[in-house]
Amino acid sequence: MVDFAAESSGCERGLDRLASDLANTTIQQRLVPVRLFYDFLMEDGQRDSNPVGRGRYTPGRRRGGHERGLVPRLTKLPWIPTEQQWMDAPAVAAEEPIRNRVMLALAYDAALRREELCSLRTDDLDPTHRTLRVRAETTKNRLERVVPYSARLGEPSKEAVSQ
């Protein structure tokens, strides 16, 4: 019979080696069959515990009652531009075609989401009242809204629509 208890420390050393080369989600995925194998060994009576345990939630315990798994789940934080990148943005935008500059200005002025911006049609713009209609089928909450845009955007938007 194989002594699985002696091999559990080797398992942890192997994980350290793996962690340096692989992404967190890849390690999580590769641990699933190992954890299931040890679950099988426990059901079969060949093992008392699973060294590749899963995280558990116990209600009523202090500090949330969470017990971490073997490899913690990492979430990637969003990218935030540096101060210099924010300062360079207008110069970069000035080199873009009129269509892209109008889209950037509309997204900023009207606080449009990506899907709302990409789904705009020419009849959604009302240059006489400087308003923009955001159709219900393109919004997150499925409610239509009319939003104003700045006077500075008025002339470039007419030029972009005419193209």
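Mind listing whichever residues of the range 116-145 are of a type in the set (Lys, Arg), exposed (fewer than 13 other Cβ atoms within 10 Å of the Cβ) and out of contact with any Lys or Arg (no Cβ under 9 Å at 6 or more places or on another chain)? Once the filter is applied, which keeps residues that are of a type in the set (Lys, Arg), exposed (fewer than 13 other Cβ atoms within 10 Å of the Cβ) and out of contact with any Lys or Arg (no Cβ under 9 Å at 6 or more places or on another chain), the range 116-145 yields only Arg142. Consider the range 47-93. How many of its residues are modelled with pLDDT of 75 or more and open to solvent by 100 Å² or more (accessible area, probe 1.4 Å)? Final tally of qualifying residues: 13.
Within the range 128-160, the set of residues being at positive phi and over 31 Å from the mean Cα position of the chain (by Cα) comprises just one member, Arg130.
In the range 39-61, the residues that are more than 18 Å from Ile27 (Cα to Cα) form Cβ pairs under 6 Å with partners that are open to solvent by 50 Å² or more (accessible area, probe 1.4 Å) and modelled with pLDDT under 70, at six or more places apart or across chains, as follows: Arg56/Glu67; Tyr57/His66. Inside the range 108-128, residues that are farther than 11 Å from Val147 by Cα, part of a helix (DSSP H, G or I) and free of Cβ contacts under 8 Å to residues at least 12 places away in the same chain make up a count of 4.
In the range 1-33, the qualifying residues are those that are of a type in the set (A, V, I, L, M, F, W, C), in a helix (DSSP H, G or I) and within 20 Å of Leu74 (Cα to Cα), and the one that is modelled with the lowest pLDDT is Leu18.
The values are calculated or read from the model by the stated rules, or taken from the named source; none is laboratory data. All values derive from a computational prediction rather than experimental measurement. As a convention, Cβ positions derive from the backbone with ideal geometry for all residues, glycine included, and neighbour counts pool all protein chains shown. Surface areas here come from the heavy atoms of the whole protein model, side chains and all, with no ligands, DNA or RNA. Shrake-Rupley method; radii C 1.70, N 1.55, O 1.52, S 1.80 Å.
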